[in-house]
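*Asks:* Next up is a structure, given as structure tokens.
The values are calculated or read from the model by the stated rules, or taken from the named source; none is laboratory data. Because the structure is a prediction, the values reported are computed rather than measured. Cβ: placed from backbone, ideal geometry, glycine included. Neighbour counts: every protein chain shown. These area figures cover heavy atoms from the full protein model, side chains too; ligands, DNA and RNA do not enter into them. Shrake-Rupley method; radii C 1.70, N 1.55, O 1.52, S 1.80 Å.
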Amino acid sequence: MSFIDQRLSKLLVHFTRYHHEVFWASLHSVLNKLLDLAPPLLIGLAVDIVVKQQESYLAYWYPQPLHQLYVLGVLTVLVWGGESWFEYFFQKRWRELAQKVQRDLRQELYAHLQTLDSQWFAQQETGDLLATLNDDVNQLERFFNVGANHLIQLLTTTLTVSFYFFYVAPSVAYWAMLPIPLIIWGSLKFQKAIGPRYSQVRQQAAKINAQLNHTLRGMEEVKSFTAEQRELKRLDQQSLAYLNANQAAIGLSAAFTPMIRMAIVIGFLATLIYGGYLTLEGDLAVGTYSVLVFLTQRLLWPLTRLGETLDLYQRAMASAERAFRLLEVATPQHQGQLKPDLDCENGLIDLRQVDFAYDEHPIFKSLNISFPMGQTSAIVGATGSGKSTLIKLLLGFNRPQAGELWVNELPLRDIDLTYWRQQIGLVSQQVYLFEGTIMENIRYGRPSASDDEVYQAAQLAGVTQFVTSLSAGYETKVGEGGIRLSGGERQRVSIARALLKNPKILILDEATSAVDAYTEAEIQKALKSFCQGRTVLIIAHRLNTIRHADQILVLEQGQVIEQGTHKDLLESQGLYAQLWQS
């Protein structure tokens, strides 16, 4: 139980912001249930009027039996009307609360994800994260939508009926309430047993999401390797594991209600037989006996839904556990608030004694590199030499395990990271475009840009060369990830997006690798004027694209082994000269 209580307490603490909404929704649930319990009392009054007439309960105020029935009719209308009124409000309020919880929690999870570094994301399954953001959040929404009201109304029913029983017929009450301790004990055992099973269900659901995400994103590879049946079999194995996990939970959940039903029979029989005996003996009024029989049903039969409610509860708690586990992932500490001027021509971006490793795989060891402000620096090296990792360190996506990155003699940890990234335009080797139009994807670099500014950036990046041939022009939909464009077209849109940002620092990671030689030459010519007075970092395998750089750094196994201009490096006859000749 401590495990369940811990999850529930976290949930309650986390959603204290909704205490006002919870109060009003709960109040309407309670009032609705109190009025829902009133019809048996009205039936008891009706029986009392017919049997006792001038000696009935209402005869004190209304001596004539017919008048008593009129009053009873008015009370019935008021009770049913009030019940319907409060049902409308409790359903509305709980559903609105469920939608707020769903929206706010998803926003909170996504906002937290945005604070985590690339190294953490590299260790996660995208499908697993999507399952938390969607499926797990939806499970909590379903609990607030249905389960919370069920629990409140069940508690209201138990307390109200118990009070009435002990007030009018204590001897019957003891027998009628006999199953309740047994039901509570069984419910606690049920929760303890089914909780881990639903945790397993959520884990298996996340694995299916991850598997589907992998295969859908890699559908071309699946088809090219004719691996359809292999992937289908793999999905079938994951689905079977999910099915088995669900069946283990369903088997226990399905057994709960029949067991509760049999316990309920004991209480109902006690009221029916023992209460009837007291009525025959004259110790209990006929109307009161009628009320007790009906209220016994109202008390005990809703307990058969306790299994369904606890089922929703456990699903919600399993999802809450996954959501809170994600929220508890530590955010990398970066409290910097400085916003240094980056226009200084004599400034430097320095990596000093930087160590960095992915898990146990070292990339940099005591790395020292300087990038002069306002100049173009190029980085070359074999695959795995650390070029992409260097970019992630420069952008603050990853933090070095030792050493520091300095900007104009200020450590990056002291600089406002959002401000720092706003100064950088990145064209990544792995281009990603967002669902939308070409215009929207270019404007992503600076949402406030005018159409003319978008067109100018597109002209510089060579987008105009292909966009004019499209029937919808700049309003052409690019598809998910830009799938409707070729690799070269996606790359040019990505360049335009970075140029529109008008950054002080431009990072080009194989920025023209997917375009033909002629287009590459045109883009290079356009970039030459744009890059004047800016700090430019270029990573390239095509060495002819960096021959005019102010400095070229050659990386090998995480270390700078050569540094200089194109001419200097050729004269030194080192690795760069070998790469150039090859």
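*Asks:* Can you pull out every residue in the range 521-538 that is more than 41 Å from the chain's Cα centre (by Cα) and on the phi < 0 side of the Ramachandran plot? So that I can check it myself, show each step before the final result.
*Replies:* Narrowing the range 521-538 to residues more than 41 Å from the chain's Cα centre (by Cα): 521-522, 524-526, 528-529, 532-533.
Across the range 521-538, the qualifying residues are Ala521, Glu522, Gln524, Lys525, Ala526, Lys528, Ser529, Gln532.
*Asks:* Then there is this: Just the residues that are open to solvent by 80 Å² or more (accessible area, probe 1.4 Å), closer than 15 Å to Arg490 by Cα and part of a helix (DSSP H, G or I), please, taken from the range 433-476.
*Replies:* Glu440, Gln459, Gln465, Glu475
*Asks:* If Arg17 satisfies every condition in (1) open to solvent by less than 80 Å² (accessible area, probe 1.4 Å); (2) out of contact with any helix residue (DSSP H, G or I) (no Cβ under 7 Å at 6 or more places or on another chain); (3) closer than 23 Å to Leu326 by Cα but one, which is the exception?
*Replies:* Evaluating Arg17 over (1) open to solvent by less than 80 Å² (accessible area, probe 1.4 Å); (2) out of contact with any helix residue (DSSP H, G or I) (no Cβ under 7 Å at 6 or more places or on another chain); (3) closer than 23 Å to Leu326 by Cα leaves (1) as the failure.
*Asks:* If Leu506 satisfies every condition in (1) open to solvent by less than 10 Å² (accessible area, probe 1.4 Å); (2) closer than 16 Å to Val454 by Cα but one, which is the exception?
*Replies:* Status for Leu506: all satisfied but (2).
*Asks:* Among the residues that make up the range 183-204, is at least one of them more than 25 Å from Leu12 (Cβ to Cβ) and at pLDDT 85 or above?
*Replies:* First, the residues of the range 183-204 that are more than 25 Å from Leu12 (Cβ to Cβ): 204.
Still in the list and also at pLDDT 85 or above: 204.
Looking for residues that are more than 25 Å from Leu12 (Cβ to Cβ) and at pLDDT 85 or above, one finds at least one in the range 183-204, hence yes.
*Asks:* What helices (runs of 4 or more DSSP H) completely inside the range 218-319 contain at least 1 residues that are open to solvent by 70 Å² or more (accessible area, probe 1.4 Å) and among the β-branched types (Val, Ile, Thr)?
*Replies:* Numbers: elements: 219-224, 228-269, 276-280, 286-300.
Result: 228-269.
*Asks:* Kindly list the number of the only condition in (1) touching a helix residue (DSSP H, G or I) at 6+ places or on another chain (Cβ under 7 Å); (2) farther than 17 Å from Ala318 by Cα; (3) modelled with pLDDT under 80; (4) not basic (Lys, Arg) that fails for Ser253.
*Replies:* (2)
*Asks:* For the range 509-534, enumerate the residues that are open to solvent by less than 50 Å² (accessible area, probe 1.4 Å), among the hydroxyl-bearing types (Ser, Thr, Tyr) and more than 22 Å from Leu390 (Cα to Cα).
*Replies:* Thr519
*Asks:* Now, a different point. Please count how many residues of the range 552-582 are touching a residue at least 40 places away in the same chain (Cβ under 8 Å), out of contact with any helix residue (DSSP H, G or I) (no Cβ under 9 Å at 6 or more places or on another chain) and either over 28 Å from Leu342 (Cα atoms) or open to solvent by less than 20 Å² (accessible area, probe 1.4 Å) (or both). Full working, then the answer.
*Replies:* Applying the first criterion (touching a residue at least 40 places away in the same chain (Cβ under 8 Å)) to the range 552-582 yields 552-560, 576, 579.
Now narrow it down to the ones that are out of contact with any helix residue (DSSP H, G or I) (no Cβ under 9 Å at 6 or more places or on another chain): 553, 557, 559-560.
Next cut, either over 28 Å from Leu342 (Cα atoms) or open to solvent by less than 20 Å² (accessible area, probe 1.4 Å) (or both) only: 553, 557.
The number of residues fulfilling the criteria is 2.
*Asks:* Check whether at least one residue in the range 334-349 is in contact with a Ser or Thr (Cβ under 9 Å, 6 or more places away or on another chain) and not in a loop (DSSP other than H, G, I, E, B), and report yes or no.
*Replies:* yes
*Asks:* From the set of residues in the range 99-145 that are in contact (Cβ under 8 Å) with a residue 40 or more places away in the chain and aromatic (Phe, Trp, Tyr), which is nearest to Thr309 (Cα to Cα)?
*Replies:* Phe143
Residue-by-condition table, conditions (1) at pLDDT below 90; (2) surrounded by fewer than 18 Cβ atoms within 10 Å (Cβ to Cβ); (3) within 19 Å of the chain's Cα centre (by Cα); (4) not in a loop (DSSP other than H, G, I, E, B):
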position: Gly82; (1), (2), (3), (4): no, yes, no, yes
position: Phe86; (1), (2), (3), (4): no, no, no, yes
position: Gln102; (1), (2), (3), (4): yes, no, yes, yes
position: Thr115; (1), (2), (3), (4): yes, yes, yes, no
position: Gln124; (1), (2), (3), (4): yes, yes, yes, no
position: Asn145; (1), (2), (3), (4): yes, no, yes, yes
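*Asks:* Being in a loop (DSSP other than H, G, I, E, B) and open to solvent by 70 Å² or more (accessible area, probe 1.4 Å) is the filter here, so list the residues in the range 477-486 that pass it. Spell out how you get there, then give the answer.
*Replies:* Let us first name the residues in the range 477-486 that are in a loop (DSSP other than H, G, I, E, B), namely 478-479, 483-486.
Those that are in a loop (DSSP other than H, G, I, E, B) and open to solvent by 70 Å² or more (accessible area, probe 1.4 Å): Ile483, Arg484.
*Asks:* Considering each residue of the range 38-74, count those that are under 53 Å from the mean Cα position of the chain (by Cα) and either open to solvent by 80 Å² or more (accessible area, probe 1.4 Å) or touching a residue at least 24 places away in the same chain (Cβ under 8 Å) (or both), and give that number. Even if it seems obvious, please write down each step before you answer.
*Replies:* Within the range 38-74, the first condition is being under 53 Å from the mean Cα position of the chain (by Cα), and the residues that meet it are 38-44, 72-74.
Pick out the ones that are also either open to solvent by 80 Å² or more (accessible area, probe 1.4 Å) or touching a residue at least 24 places away in the same chain (Cβ under 8 Å) (or both) and you get 38-44, 72, 74.
So the count comes out to 9.
*Asks:* Taking Ser162 as the residue in question, decide whether it is at pLDDT 80 or above, over 23 Å from Ile250 (Cβ atoms) and touching a helix residue (DSSP H, G or I) at 6+ places or on another chain (Cβ under 8 Å).
*Replies:* Working: at pLDDT 80 or above: yes; over 23 Å from Ile250 (Cβ atoms): yes; touching a helix residue (DSSP H, G or I) at 6+ places or on another chain (Cβ under 8 Å): yes.
Yes, satisfied.
*Asks:* Next question, about the same structure. For the range 481-498, indicate whether the set of residues that are over 33 Å from the mean Cα position of the chain (by Cα) and over 15 Å from Leu426 (Cβ atoms) is non-empty. I'd like the intermediate steps shown before the answer.
*Replies:* Within the range 481-498, the subset over 33 Å from the mean Cα position of the chain (by Cα) is 488.
Next, only the ones that are over 15 Å from Leu426 (Cβ atoms) stay: 488.
Yes, because at least one residue in the range 481-498 is over 33 Å from the mean Cα position of the chain (by Cα) and over 15 Å from Leu426 (Cβ atoms).
*Asks:* In the range 52-80, how many are assigned to a helix (DSSP H, G or I) and among the small types (Gly, Ala, Ser)?
*Replies:* Here is the first cut: in the range 52-80, the ones assigned to a helix (DSSP H, G or I) are 52-55, 57-60, 65-80.
Still in the list and also among the small types (Gly, Ala, Ser): 59, 73.
Residues that pass the stated criteria total 2.
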